[in-house]
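Here is the structure we will look at, set down as structure tokens.
The values are calculated or read from the model by the stated rules, or taken from the named source; none is laboratory data. As the structure is a prediction and not an experimental result, all values here were calculated from the model. As a convention, Cβ positions derive from the backbone with ideal geometry for all residues, glycine included, and neighbour counts pool all protein chains shown. Ligands, DNA and RNA are excluded from the accessible area calculation, which covers all protein heavy atoms including side chains. Shrake-Rupley method; radii C 1.70, N 1.55, O 1.52, S 1.80 Å.
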Amino acid sequence: MLVKLKIFRFDPEKDEKLYYQTYEVEADPMDRLLDCLNRIRWEQDPTLSFRMSCGHGVCGSDGMRINGVCGLACQKLVRSFKEEVLIEPLPVFKVVKDLVVDLGPFFEKYHSIKPYLITQTPPSDTERKQSPGEHERFEEAIRCILCACCTASCPVNQNKETENYVGPAALVRAFRYLFDSRDEASEERMDLLDHKDRAWGCETLWKCTEVCPKEIPVTQQIGQIKKRIYEAKHEG
Amino acid sequence: MNIKHDILIVGAGLAGLRAAVECVGQADVAVVSKVFPTRSHSGAAQGGITASLGNEEEDQWEWHLFDTVKGSDYLGDQDAIEIMVRDASRVIYELEHMGVPFSRTPEGKIAQRNFGGHTRDFGKKPVKRACYAADRTGRVVLDTLYDQCLRHQIKFYPENYLLSLVFDEKRCAGVATYDLTTGELHFIQAKAVLLATGGCGRLYKTTSNGFASTGDGMSLAFRSGIPLQDMEFVQFHPTGLYPLGILASEAARGEGGVLRNRLGERFMERYAPTVKDLAARDVVSRAILTEIRERRGIGAKDYVHLDLTHLGEEKIEKRLWEIASFVRIYLGIDPVYDPIPVQPTCHYIMGGIPTDLDGRVLINENGSIAPGLYAAGECACVSVHGANRLGCNSLLDLLVFGRRSGLTMKRDILQYEAPILSNGSTRSVDSKIRGLLNHQGREKCDSVRKEMQTVMMEYGSVFRNEEGLKKGLEGIRSLKERYKDIGVSDKKKAFNYELMEAIELGHQLDLSEAILASALHRRESRGAHWREDFPQRADRYYLKHSLVFPTPRGPEVRYKPVKITRFQPEARVY
């Protein structure tokens with residue numbers, strides 16, 4: 001089948017402003033959208049830039065806005081599109097070239113929530129024990145591949161006035177450590193998260209959950225962080 | 001830009017990050033990566049990491065040692081394998097202490113599952129040895145190590161593509177990189193350089209490997225005059241999703257999945273009566289392709305079925321969530337109810353840059369080292385996997401030898417002074433890039449690459465023979481001629497992926513030639529290297545490692561002995 005793709009283009013080395021370019025590629029219905037983008041680059045226009053790596057939704061490189069919805073180009077099959085497909089870079093982030101955006105601020109925010117296990121008790125010679133139930137509490141959160149689709153889709157992040165909000169991806173990782181029974185820094189973490197640019201930045205708009213390529217219940221997890229902060233305050 | 005560090009690590013997969021974590025605080029360490037670190041291909045590892053913890057049932061490191069030696073078809077160096085399997089428990093506990101979210105047993109210990117070729121009591125029956133986090137083990141370990149690096153503020157140069165290794169008169173003195181984000185060239189001086197650049201699965205048409213797995217590090221070492229070891233041993237994973245080649249982890253069979261042919265027959269019973277579907281990967285891949293050749297593939301196509309339908313929805317959702325998701329997205333079927341079409345897919349290269357037990361790169365069969373240069377992970381060959389790697393031994397290899405390389409570099413740099421880079425070496429890189437950009441070539445990367453991948457699939461994959469390998473070599477050599485006229489039409493600096501892919505293709509062609517030449521010279525069948533014209537293992541002639549050297553006349557194959565300590569070669573039956 002013939003697929004038509006209308007793609008956002010911008011190269012600061014030569015373009016004064018952005019424009020859209022339409023390409024047509026021959027594709028099998030079971031091909032990935034990523035295959036179409038590669039075919040364009042390899043056969044028609046090598047100047048088109050986008051990131052990719054694993055090609056099957058594990059590395060998180062090829063997040064982009066597809067017909068207005070953020071997702072991974074390697075997870076979308078051609079057969080699910082009928083008309084022309086509109087492809088744009090992830091919103092929220094600065095466009096570096098075509099579909100490549102600057103994820104520096106995304107990772108800075110991610111880093112700011114202390115994405116690592118904090119413990120004081122010295123570990124034993126073997127593993128720390130954790131029951132399957134305790135593991136299950138955060139198991140969905142470890143599916144996160146940091147593709148940034150959720151943060152890019154969040155209306156709070158999209159709003160200039162609240163752009164300092166760390167965003168759903170960082171909060172998913174915060175949830176993962178806050179609810180890990182091995183972590184011993186829950187007070188420190190809750191102090192950090194109890195802020196309008198962190199847990200309370202979330203306005204429960206569900207966009208993150210709708211787009212997550214790994215089906216993580218993002219909004220619910222942020223809700224659980226809020227609940228835990230609230231309860232800790234009201235118990236104390 | 002000119003940059004200086006004590007230790008420079010190229011590659012941000014598990015080997016590179018583990019080495020970095022080892023060095024931080026005691027040396028000025030930096031990591032260069034062609035992709036953003038969390039996009040590294042280690043993250044695609046699904047099934048687990050082996051260690052004889054014995055959390056689910058009795059296990060011993062001696063059994064793990066035996067299985068690995070047998071899995072390697074006796075080509076693995078037993079001293080290296082012993083180091084690896086004896087260090088395995090420490091590795092797992094260390095990861096757990098760092099925060100890796102392993103799946104758990106009801107008692108709260110790290111859960112373990114079956115994996116191909118891992119047995120108890122020297123081959124008697126399968127043993128649960130693979131520690132896992134559902135089927136996303138590589139990803140969570142990668143994330144945890146990356147987070148450790150963030151915590152320790154390790155310097156990263158993401159999206160920097162390695163262009164060359166720079167040597168001064170005495171030793172490796174640094175690297176040159178192309179900064180994809182700006183188009184600039186960087187020269188990074190270092191007292192020690194670790195290559196942890198991963199594999200080269202993209203040489204083949206059907207592969208589980210990511211687009212970045214183009215073997216750059218191996219090829220650059222080779223071009224610097226360093227031989228490559230055991231390159232004829234390329235692993236085809238039995239269960240790639242048909243037709244894309246995306247990996248469906250052996251964990252699927254570890255959890256009880258079985259392979260079936262057109263007749264619904266569980267055919268592995270015929271090929272490996274004791275462990276059946278849990279035989280080593282080379283054995284299972286050959287069995288699948290034999291079924292297909294004998295017309296027992298499904299619907300006259302080139303695949304068989306991986307059947308999980310008897311496992312039940314709960315187990316599939318809990319333990320094999322990622323695989324189930326891949327099947328639903330890419331095949332449009334549900335593994336809870338439908339058998340999965342699978343075919344062997346190029347997965348891993350056992351060969352690579354020869355190193356000693358501490359990651360130092362070896363430049364000949366006498367064990368001389370390349371001062372300042374180290375290698376670990378898939379790009380290296382220490383050799384723990386010999387002629388065939390067992391599942392879940394790769395992550396272990398990355399973590400054991402990544403750490404050991406880090407320890408060695410920390411020690412070695414104390415005796416080294418900061419190198420002084422000559423202008424000559426840096427100028428040559430610059431002119432090479434300019435040459436590529438200015439050349440009005442008529443050949444396109446895409447068509448040369450596609451032909452290379454077809455040639456490698458046809459002549460250099462699971463079944464090989466002399467005639468085919470010679471044809472393959474001819475094919476690759478003519479593609480190398482065409483490559484001389486490669487054109488890069490995008491002349492811009494930043495995010496010039498066309499330029500990067502043109503350079504990658506040069507590496508891929510060199511490695512293809514090295515693989516086929518090594519395969520042609522090994523006139524026996526061992527592990528993943530199966531010669532239809534020499535279907536027996538010939539220990540008398542070939543119980544030795546190949547070393548392929550770059551020479552002006554093309555690749556030249558020589559050999560060096562295998563280290564055998566405890567287990568003498570025996571017939572390999574599963």
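One table, with the values for the structure above:
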item: Buried accessible area, chains A and B (both chains, 1.4 Å probe, Å² to nearest 100); result: 5300
item: When each of A:Lys17/B:Lys444; B:Lys34/B:Lys450; B:Lys34/B:Lys205 is checked by Cα-Cα distance, pairs over 25 Å; result: A:Lys17/B:Lys444
item: Threshold 50 Å² - residues in segment B:203-220 whose accessible area is reduced by that much or more when the chain is no longer isolated, probe 1.4 Å; result: B:Phe211
item: Range of Cα positions in segment B:123-226 per principal axis (Å), largest first; result: 54, 35, 29
item: Per-residue mean of C-beta atoms belonging to partner chains within 10 Å, peptide B:138-145; result: 3
item: Cα-projected label distance for B:Phe122 with A:Lys82, points at 7 Å along beta-carbon direction, nm; result: 6.7
item: For segment A:23-73, accessible area per residue (1.4 Å probe, heavy atoms of protein chains only), Å²; result: 27
item: Environment charge of B:Trp530, counting only residues whose C-beta is closer than 9 Å and scoring Lys/Arg +1, Asp/Glu -1; result: +2
item: Equivalent ellipsoid semi-axes, segment A:4-130, via Cα gyration tensor eigenvalues times 5, rooted, Å; result: 36, 20, 12
item: Tally of Lys pairs whose C-alpha atoms are under 16 Å apart, taken over segment A:78-236, 8 or more apart or cross-chain; result: 8
item: Protection proxy ranking of B:516-527, B:229-240, B:260-271 - average other beta-carbon atoms within 10 Å, highest first; result: B:229-240, B:516-527, B:260-271
item: Formal net charge of residues neighbouring B:Gly215 (Cβ-Cβ distance under 10 Å; K, R +1; D, E -1); result: -3
item: Distance (nanometres) between label positions extended 7 Å along Cα→Cβ at B:Lys432 and A:Glu235; result: 6.0
item: DSSP-defined antiparallel bridges as percent of all bridges, the protein assembly as shown, nearest 5; result: 70
item: Cα-derived Rg to Rh of segment B:281-435, Kirkwood definition; result: 1.15
item: Rh by Kirkwood over Cα pairs, then Stokes-Einstein D for segment B:197-317 at 1.002 mPa s and 20 °C, µm²/s; result: 133
item: Antiparallel %, DSSP beta bridges [both residues in segment B:298-389], to 5; result: 75
item: Stokes-Einstein translational diffusion, chain A - Kirkwood Rh over all Cα pairs, 1.306 mPa s, 10 °C, in µm²/s; result: 82
item: Segment B:443-497: equivalent-ellipsoid semi-axes (sqrt of 5 x gyration tensor eigenvalues, Cα, Å); result: 29, 12, 6
item: Average partner coverage of A:56-65, which counts Cβ from other chains inside 10 Å; result: 6
item: C-alpha long axis of helix A:168-178 to longest principal axis of chain A, angle in °; result: 30
item: Solvent-accessible area per residue, Å², over segment B:16-65 with all protein chains present [probe radius 1.4 Å]; result: 24
item: Most to least packed among B:141-148, A:103-110 [average Cβ atoms within 10 Å]; result: B:141-148, A:103-110
item: Mean residue ellipticity (222 nm) of chain B, computed from DSSP H runs ≥ 4 via -39,500 (n - 2.57), nearest 500; result: -10500 deg cm²/dmol
item: DSSP-defined antiparallel bridges as percent of all bridges, chain A, nearest 5; result: 85
item: Cα gyration tensor shape for the protein assembly as shown, rounded if a/c is under 1.5, else prolate or oblate; result: rounded
item: Efficiency of FRET from Cβ geometry, B:Thr454 and A:Gln21, R₀ 41 Å, rounded to 0.05; result: 0.85
item: Mean Cβ neighbour count within 10 Å, used as a protection proxy, ranking A:122-128, B:547-553, A:214-220 highest first; result: A:214-220, B:547-553, A:122-128
item: Share of carbon and sulfur in the accessible heavy-atom surface of segment B:85-202 [1.4 Å probe, %]; result: 46
item: Charge sum, other residues only, whose C-beta stays under 14 Å from B:Gln568's C-beta, Lys/Arg counted +1 and Asp/Glu -1; result: +3
item: Share of carbon and sulfur in the accessible heavy-atom surface of segment A:116-216 [1.4 Å probe, %]; result: 46
